[in-house]
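Let me begin by presenting the structure, written as structure tokens, before commenting on it.
The values are calculated or read from the model by the stated rules, or taken from the named source; none is laboratory data. In this text, all values refer to a predicted model and were calculated from it rather than measured experimentally. Cβ placement follows ideal geometry from the backbone for every residue including glycine, while neighbour counts extend to all protein chains displayed.
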Amino acid sequence: MSKADQAQKKLRQYLEIEKAFGFDEAPKKNPRNAFAVLQPSTPSAKSEALARLEAEYQNCKLCPLSATRTQVVFGSGSAQAELLFVGEAPGLDEDKQGKPFVGAAGQLLTKIIEAINLKREDVYIANCLKCRPPENRNPSPLEIETCSPILTKQIEIIRPTIICALGKFAAQTLLATEEPISKLRGRFHEFNGIALMPTFHPAHLLLNPDDKKLVWQDMKQIAQKLGLPPKG
Ligand code: SF4
């Protein structure tokens, strides 16, 4: 069998497996995708695909953070969410509980979500990195590169209308830029064909409450794009 025939056979086998898992046969064309991603075609297929992905990585040892974490913090919320929040990495509380944004910053995020007439269960919340860096240090380039494909896959499965990048790290990672968050926030960008709004991280707001008004401006734009009733 020639190399081309072998490659075609491999592709056919791959597509058969993906189809059996409830994915369409239309890969997204985007060079930033780390996976040849095929999208789930129904709401239940989305939930199942997300659950399978979580199971696949629950004992991930692909990068050094596996040695120091308590558990992988995959993400939580609705697989059908129109709004996906992305933060940096789990902190101490998240590492203990296995859920993203459960500490003080998480409580503030819940209030921000409710301020635009949504509940936490309506949205999906994840981080760029799934394991806590020791002492909450900045993730290394290797850790980011190794873990990012998991988030990319989550995004492709959920395919939300809007991604809200919380803080400098998430915004810069998703937009592949070094522009400061103060310059990035306030307007929509684009990630793999999805509208992306960067805004300040809730942990930043706990230390800089004056910036809440800027986050509120960003959230109002998100609510408007989602067709949610205005508040305040
Ligand atoms: S941070 Fe990501 S790549 Fe590293 S061990 Fe955790 S899940 Fe795996």
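Observations on the model:
- Yes/no for ILE157 being within 25 Å of ALA55 (Cα to Cα) and touching a Lys or Arg at 6+ places or on another chain (Cβ under 8 Å): yes
- Candidates are the residues of the stretch 53-99 that are free of Cβ contacts under 8 Å to residues at least 24 places away in the same chain and not in a helix (DSSP H, G or I); the one that is nearest to the ligand (Cβ to nearest atom) is LYS61.
- Inclusion of GLU48 among residues that are charged (D, E, K, R), in contact (Cβ under 8 Å) with a residue 40 or more places away in the chain and part of a helix (DSSP H, G or I) is not warranted.
- Residue in the stretch 178-189 that is within 16 Å of the ligand (Cβ to nearest atom), free of Cβ contacts under 8 Å to residues at least 60 places away in the same chain and either among the polar types (S, T, N, Q) or part of a helix (DSSP H, G or I) (or both) present: no
- Any pair with Cβ under 6 angstrom, 6 or more apart, that starts in the stretch 143-168 at a residue that is in contact (Cβ under 8 Å) with a residue 12 or more places away in the chain and outside any helix (DSSP H, G or I) and ends at one that is acidic (Asp, Glu) and more than 16 Å from the ligand (Cβ to nearest atom): PRO160/GLU82; THR161/GLU82
- Search result, residues across the stretch 100-119 that are over 18 Å from CYS164 (Cα atoms) and in contact with a Pro (Cβ under 9 Å, 6 or more places away or on another chain): ALA104
Residue-by-condition table, conditions (1) closer than 14 Å to LEU151 by Cα; (2) surrounded by fewer than 17 Cβ atoms within 10 Å (Cβ to Cβ); (3) in contact with a Leu (Cβ under 7 Å, 6 or more places away or on another chain); (4) modelled with pLDDT under 95:
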residue	(1), (2), (3), (4)
LYS61	no, yes, no, no
VAL72	yes, no, no, no
GLU82	no, no, yes, no
VAL86	yes, no, yes, no
GLU94	no, no, no, no
GLY106	no, no, no, no
LEU109	no, no, no, no
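- Condition check for ASP218: surrounded by 14 or more Cβ atoms within 10 Å (Cβ to Cβ), modelled with pLDDT of 95 or more and in a helix (DSSP H, G or I): yes
- Considering residues of the stretch 122-136 that are away from the ligand (no atom under 13 Å from the Cβ) and more than 15 Å from the chain's Cα centre (by Cα) only, the residue nearest to PRO90 (Cα to Cα): ASN136
- Among the residues of the stretch 100-121, those that are over 17 Å from the mean Cα position of the chain (by Cα), touching a residue at least 60 places away in the same chain (Cβ under 8 Å) and not in a helix (DSSP H, G or I) comprise ILE116, ASN117, LEU118.
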